[in-house]
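What follows is a single structure, written as C-alpha cells, with notes after it.
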Amino acid sequence: MKVHFYKYQATGNDFVLIDNRSGKYSFSGEQIKRICDRRFGIGADGLMLIEKHPSAHFNLQYYNSDGSQSLCGNGSRAAVNMAASLGLVNGKARFEAYDGLHEAEILNEIVRLKMNDVREVTKTGDDYFINTGSPHIIRFVKDVKNYPVFEEGRKIRYSEAFAPGGTNVNFVEIQDGNTIFVRTYERGVENETLSCGTGVTAAALAASMHHLHSPVTVKTLGGDLKVEFKISQSGLSSGQSELPAGQAGLPANAKASAWQAGIFEDIYLVGPAKLVFEGDLEL
C-alpha cells in the first residue's frame, strides 16, 4: 500500500500527517509503530489523520508512536497548518480532537490553539497533576538542562500510583522574565521529546501558582512557545483535606495529599508549526 504523507514539526515535536478525507486509510498499531520508527519508517513522535467532520472543518485522529491515542497540542497546531494548506480553513479553524472540539487561529507560521478549560489542579507532595487533554505531572526543579529527565521521568511514568495508564512527566525550571524552561518525558513515545504541547500548557498553569502570569513564555529544547490563560473570578483555592483521586482526575489508586480547585479558562497554546517535507511511503 502506497501512502502519501506530510512531515511536520512544531518546536521539534515531529509528526507524520495523512490526508484521510477519503476515509480509505486505517492503520493497525504495528503499522503506526512502523511509520513512526526512526530507522525503518519515516520517523516521528506521532501519526495524525485529517478526516471529514459533519460540522467542523475537520476531524483529527492522533496516535502516539506506540499506537495509543491522546490529545497532542503541538500535533494539533501542525494539523491546523496542514488543513490550511489543503484549503480546509482560512485563518481560523474549528476541529474535533481526542478531547472534543477545539478552535485555532493561524498567524503566518504561528498557530494559536485554544485548549479546553482546566477545572482542577491536584497537588501530590511537591508535584502537580493536571490533565490538559493528556495527563501530566509537573515537577519544579533547578538546572533543568542537566536534569536526568529520561531516568526520573520513566520512574514516575511507570510508578504504581499511575498504573495502568501512566502519565506524562514534565520537569520545569522557573527563569527570569515570566519564563519557564520545560523538559518532558512523553507517555506513548516512551522517551523525552523536544517539546510537548499539552505538557508545556500544564506547566504554565502550574507556574501560575508560583506567581507567574499570563502569557507565560515557555522554553523547550525544540524552541519557544507561549501559553495564555485566564483564571476564573473565584480564583484558585487550596485545602489540606484528602481529595478522592477520581475527583481530582488522578488514577483511582493515586494519593492526593492536597488540592487546588478553580477554573483556568481561555487557554491558548501559541507557537510555530512547519512543513518539513512530503513524500510517499510503501507500507
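In segment 115-144, of all residues being surrounded by fewer than 16 Cβ atoms within 10 Å (Cβ to Cβ) and under 17 Å from Ile267 (Cα atoms), the one that is farthest from the chain's Cα centre (by Cα) corresponds to Arg119. May I ask you to verify whether Ile110 is more than 20 Å from Phe5 (Cα to Cα), in the same structural domain as Gln9 (by TED's automatic domain parsing), β-branched (Val, Ile, Thr) and in contact (Cβ under 8 Å) with a residue 40 or more places away in the chain? The answer is yes for Ile110. What residue, among those in segment 162-171 that are over 13 Å from Leu221 (Cβ atoms) and in contact with a helix residue (DSSP H, G or I) (Cβ under 9 Å, 6 or more places away or on another chain), is surrounded by the most Cβ atoms within 10 Å (Cβ to Cβ)? Looking at the filtered set, the residue picked out is Val169.
For segment 64-83, the count of residues that are at pLDDT below 95, in a loop (DSSP other than H, G, I, E, B) and of a type in the set (A, V, I, L, M) is zero.
Please enumerate the residues belonging to segment 43-59 that are closer than 21 Å to Gly279 by Cβ and buried (at least 21 other Cβ atoms within 10 Å of the Cβ). Within segment 43-59, Ala44, Asp45, Gly46, Leu47, Met48, Leu49, Ile50 meet the criteria. All conditions in (1) buried (at least 24 other Cβ atoms within 10 Å of the Cβ); (2) not in a strand (DSSP E or B) hold for Val111, with the sole exception of (2).
Of all residues in segment 93-130, those satisfying the criterion of being in contact with a helix residue (DSSP H, G or I) (Cβ under 8 Å, 6 or more places away or on another chain) and aromatic (Phe, Trp, Tyr) are Phe95, Tyr128, Phe129. Kindly indicate whether any position in segment 71-87 is of a type outside the set (Lys, Arg), farther than 26 Å from Phe277 by Cα, in contact with an Asp or Glu (Cβ under 8 Å, 6 or more places away or on another chain) and crowded, with 17+ Cβ neighbours inside 10 Å. No, because not a single residue in segment 71-87 is of a type outside the set (Lys, Arg), farther than 26 Å from Phe277 by Cα, in contact with an Asp or Glu (Cβ under 8 Å, 6 or more places away or on another chain) and crowded, with 17+ Cβ neighbours inside 10 Å.
Any idea which residue in segment 172-202 is surrounded by the most Cβ atoms within 10 Å (Cβ to Cβ), counting only those that are aliphatic (A, V, I, L, M) and part of a loop (DSSP other than H, G, I, E, B)? Taking the candidates together, the pick is Val189.
The values are calculated or read from the model by the stated rules, or taken from the named source; none is laboratory data. Because the structure is a prediction, the values reported are computed rather than measured. For neighbour counting, all protein chains shown are included, and Cβ atoms are generated from backbone atoms with ideal geometry for every residue, glycine included.
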